[in-house]
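This report refers to the structure that appears directly beneath it.
The values are calculated or read from the model by the stated rules, or taken from the named source; none is laboratory data. Nothing here was measured: the structure is a model prediction, and the numbers come from that model. So basically every Cβ, Gly included, is an ideal-geometry build from the backbone, and we count neighbours across all protein chains shown.
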Amino acid sequence: EVRRSNSEHIRVACAQGPSIASFDPSNLYTIVGEWTPAATDCAKYLNGRGVGSRYEGTFPGSTRVGSCAGLTGKASTFSSEYKTFLRQYWEAQTRAYERGSGWIQWTWKTEIADEWSYQAGLANGWIPKNPTSRAYPNICG
């Protein structure tokens, strides 16, 4: 997954919608949990203490995709283009997951990986204060 382009991440998220919608809500509630707008495994300790990332090629057996610089850490280090992608990917995922009974994002707050933090997303604009407010209402077509 870390090899996907930003547009591929969005396309794959949107493609999950029909599958999620296919579950009968009168018989089976479908709630998607533990997801994030982060598209890499760059967050410190995500893969374990002392284990690197697939994205940078420091995870055993992985091949480098790129640098984690500017893709993890404090939101103040994120470019406006990256924040736009985080918003688009967040919206694509919530659109797809709302085809079922809803979603629960992982996680509310992180120490050093704002791209994983709902709280940081709210504070920095890639997650809207009203989760039904969409900057990209047609992200999934």
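Quick notes on this structure:
- Test for THR94: is it among the β-branched types (Val, Ile, Thr), under 17 Å from GLY121 (Cβ atoms) and either surrounded by fewer than 18 Cβ atoms within 10 Å (Cβ to Cβ) or at pLDDT 95 or above (or both): yes
- Count of residues meeting criterion [assigned to a loop (DSSP other than H, G, I, E, B), over 12 Å from the mean Cα position of the chain (by Cα) and free of Cβ contacts under 8 Å to residues at least 60 places away in the same chain] in region 17-41: 5
- Restricting region 97-134 to residues that are closer than 19 Å to GLY17 by Cα and out of contact with any strand residue (DSSP E or B) (no Cβ under 8 Å at 6 or more places or on another chain), the residue that is surrounded by the fewest Cβ atoms within 10 Å (Cβ to Cβ): THR132
- Taken residue by residue, region 78-89 has at least one member that is within 21 Å of ARG3 (Cβ to Cβ), touching a His at 6+ places or on another chain (Cβ under 7 Å) and not polar (S, T, N, Q).
- Being in a loop (DSSP other than H, G, I, E, B), more than 18 Å from THR110 (Cα to Cα) and of a type outside the set (A, V, I, L, M, F, W, C) holds for only one residue in ARG3, ARG49, and it is ARG3.
- Test: residue in region 13-31 that is of a type in the set (D, E, K, R) and under 26 Å from ARG134 (Cβ atoms): no
- Scanning region 82-131 for residues that are closer than 18 Å to ASP41 by Cβ and β-branched (Val, Ile, Thr) yields THR107, THR110, ILE112.
- Tallying residues that are loosely packed, with under 12 Cβ neighbours inside 10 Å, under 21 Å from ILE127 (Cβ atoms) and among the aromatic types (Phe, Trp, Tyr) within region 1-58 yields 0.
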